[in-house]
1. If you scan the range C:1-12, which residues turn out to be within 7 Å of chain A (Cβ to nearest Cβ) and among the β-branched types (Val, Ile, Thr)?
2. So which residues in the range B:63-104 are over 15 Å from A:Ser240 (Cβ atoms), of a type in the set (A, V, I, L, M, F, W, C) and touching a residue at least 40 places away in the same chain (Cβ under 8 Å), if there are any at all?
3. Looking at B:Gly51, is it within 8 Å of chain A (Cβ to nearest Cβ) and of a type outside the set (Ser, Thr, Tyr)?
4. Counting only residues that are open to solvent by less than 30 Å² (accessible area, probe 1.4 Å) and not in a strand (DSSP E or B), which one in the range B:114-130 is farthest from A:Asn315 (Cα to Cα)?
5. Take the range B:100-113 and flag every residue that is open to solvent by 40 Å² or more (accessible area, probe 1.4 Å) and farther than 10 Å from B:Glu136 by Cβ.
6. So B:Asp105 ticks every box in (1) under 13 Å from the mean Cα position of the chain (by Cα); (2) of a type in the set (Asp, Glu); (3) over 28 Å from A:Thr335 (Cα atoms) but one. Which box is left unticked?
7. Might you check whether a residue that is without any contact (Cβ under 8 Å) to a residue 60 or more places away in the chain, surrounded by 18 or more Cβ atoms within 10 Å (Cβ to Cβ), over 26 Å from the mean Cα position of the chain (by Cα) and within 16 Å of B:Val158 (Cβ to Cβ) occurs anywhere in the range A:30-48?
Amino acid sequence: MILRPQVLDLRIISHFLGKVVLGFGIMMAVPIAAAILFGETVPIIDFAISLFLSLSVGYLLVLCARLPKATQMSWMHGMVVVSLAWVVCMFLGAIPLLLSGHWQSYLDACFETMSGLATTGLVLVQDLDHLSHAANLWRHLIMFLGGQGIIVVALSFLVKGGPGAFRLYVGEAREEKILPNVVETAKFIWFVSFVYLVLGTLALAACGVWACGMPVREAIFHGACNFMAAFDTGGFTPQSQNIIYYQSIFYELATIVIMIWGSINFNLHYAVWTGRRKELLRDIEIRTFLVTLAIVTVLTLVGLGKGHVYLGPVNLIRRGFYQVVSGHTGTGFQTIYAQQFTGEWGSLAMIGVIMAMAFGVSACSTTGGIKMLRVGLIAKAFKEDVKRFLTSESAVVTTKFRHLRDLFLDDKLVRSAALITIAYILLYLGGAVVGCFFGYPFLQSLFESTSAAGNVGLSCGITQVSMPVLLKITYIIQMWAGRLEFISVFVLGAFMISFFRGK
Amino acid sequence: MISHKSQVTSLKLKLFLICFLLGIWNLGVVTVFAQSISSADLIANAKAHDGKIVEYEGELIGSVLGRGDFVWLNLNDGANAIGVWAPCSMAQDIRRAGSYGVRGDWLGVSGVFHRACVEHGGGLDIHAYGLIVLQEGSVVHETITRKKVLLLSLFLGVLACLLIIHILQTRRSSR
Amino acid sequence: MTRLKNITNVVLGICYESLFALSLIGCAFFISFIVTLIYLKP
């Protein structure tokens, strides 16, 4: 029996939603600082407006809630807060972008914001090469926040922990606790991210100056932005040409390394960083990733080789493998133009990249997609079933796998993995059908839909300002649902229905 | 003996010829870049243009990326930006690159187009034979509109009221 | 001593992960060499 939500439920949701919005709003001070540093006056006003508005909304939500201190949050509250927080933050985060004048409409600005928060990387920005440093930094910062998790941000600083905190954490598609206390887990995630932020920015800045010939200040700015996009497997870049702009193999190699850093499970980072380095190659996610990466790389490079698209191994790596690893890690950086996918690549190579995008990499990382843990579990389940047929009926067949510790494969795990995998596949196909409805060819529609729902960001040219409005909304929903891995989105839907059908 | 009048006529004729030839040359330059190809066409029909000499023009964006004796220039014609590989000597007249608040120099380039340049890792680029600054860049001043100032004041006021309410509420609950 | 050990582990961990990423690039180069030999012989 579904219960109709009570006023207390709404107050709990309002309180925690308000806290998350406050945390998100405070982050707008960072682009204001950047605008001051770069001497950009108008963006200071744009972000100040957005900051005051966001803080006002956050405070209003908290004040309206007037929640007594000891109130507990249930799983339902946690899920609803998470899914609503992403939508509210999208609406608020889009305001400074709209005010900059580089987005044709509020919908386009919302698309870009959700693309950033969900670490997708599909863009609708116009004249990106003349965008202010402040607005550009905001695009990349929301990728950093979204990749870490907006809830993780709130947990780190604003929500004081407690049982409700874990429910928020899980609602944002992070089930794994790295440390016993979820707030400590959130803080560890930040620690890893900041250490890599410093290292990655320095490495990319060095590449920018020495390998690319960029001025130092721009190299540092680009380094920080591209690090946030690469580590959080987002895919935004400060220039319209994406990674092509840098015209440098060293820059491309550095971004590949950072993309792979970002696609490793934070639990594995913890294990490796505390001395258990061998866990990296023993983990089921990494082993599955190695297999799938090999398969899609072979598919794509064979497709390109047969079509004589790129001549020579270096060219195949820079233009072929780069797109594969960018797609598989869910980043979306491109070293080719979007139209070249459809105009030059051929079907086999495109299928390789679509598969790469569909898979994703690790759970509890910054990547999207089905995730290697689920692919690995389903593969092991198939293997176990085949083994059962080959052994005697009285034999007990069990399968073990390593995911930070030795675990046994059970039906509940496989069921959960299979359900989410099916949901992703349906989402990819659903978006493809909508694309076909608007007249795009099936393979291109599937490519773009998988990119949106898998939070990848590679584009074959469908995502443009002139795209139909309904298709933009479809991709926004796909990015949102894909990032949150469905459950909190479904719970929000059920919560809204329960207003009418609950007892 | 040549008369003064015929000398003047001869001089006028020579001057006219020089001006005419200069005019033709300028027209030629303008004509060449009036027929320049768009980035969308280059990318969409890359195979057809591969290895051919093309004329392309666009705004220089980002910065001039120096690579020893050569430079990379990324030129954006409004639709896409394409990388141009040129000797340093060709880039000496360039003054501005486009960014926030700056319109970069509008450059015209003629050179060999490569769909997948073997020299540069398979990238789509143009190796320049000739480069010209068609239009110099300029600074673009953005102004703060009255609408934005009003919005700023409004939301600041709303936030201040909410903060006051929050403080009063906190004091009341602590009593 | 513990702090130094922690810092050493973090540094080694970062190096290990970076090496892992570079080895993936190396494997990709190997695959691309094979593809070049099979399909892109001059």
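1. Once the filter is applied, which keeps residues that are within 7 Å of chain A (Cβ to nearest Cβ) and among the β-branched types (Val, Ile, Thr), the range C:1-12 yields only C:Val10.
2. B:Val84, B:Trp85, B:Ala86, B:Met90, B:Ala91
3. Considered against the rule, which asks whether it is within 8 Å of chain A (Cβ to nearest Cβ) and of a type outside the set (Ser, Thr, Tyr), B:Gly51 comes out as no.
4. So the residue we want is B:His120.
5. B:Tyr100
6. Result: B:Asp105 passes all but (3).
7. Yes, the conditions are met somewhere in the range A:30-48.
Yes or no, residue by residue, for (1) open to solvent by 10 Å² or more (accessible area, probe 1.4 Å); (2) modelled with pLDDT of 70 or more:
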site: A:Leu128; (1), (2): yes, yes
site: A:Trp138; (1), (2): no, yes
site: A:Leu141; (1), (2): yes, yes
site: A:Gly147; (1), (2): no, yes
site: A:Val152; (1), (2): no, no
site: A:Lys160; (1), (2): yes, no
site: A:Arg167; (1), (2): yes, no
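The values are calculated or read from the model by the stated rules, or taken from the named source; none is laboratory data. Since this is a predicted model, take the numbers as computed values, not measurements. With ideal geometry, Cβ positions are generated from the backbone for all residues, glycine too; neighbour counts draw on all protein chains shown. Ligands, DNA and RNA are stripped out before the accessible areas are found, and what is left, the full protein with its side chains, is counted by its heavy atoms. Shrake-Rupley method; radii C 1.70, N 1.55, O 1.52, S 1.80 Å.
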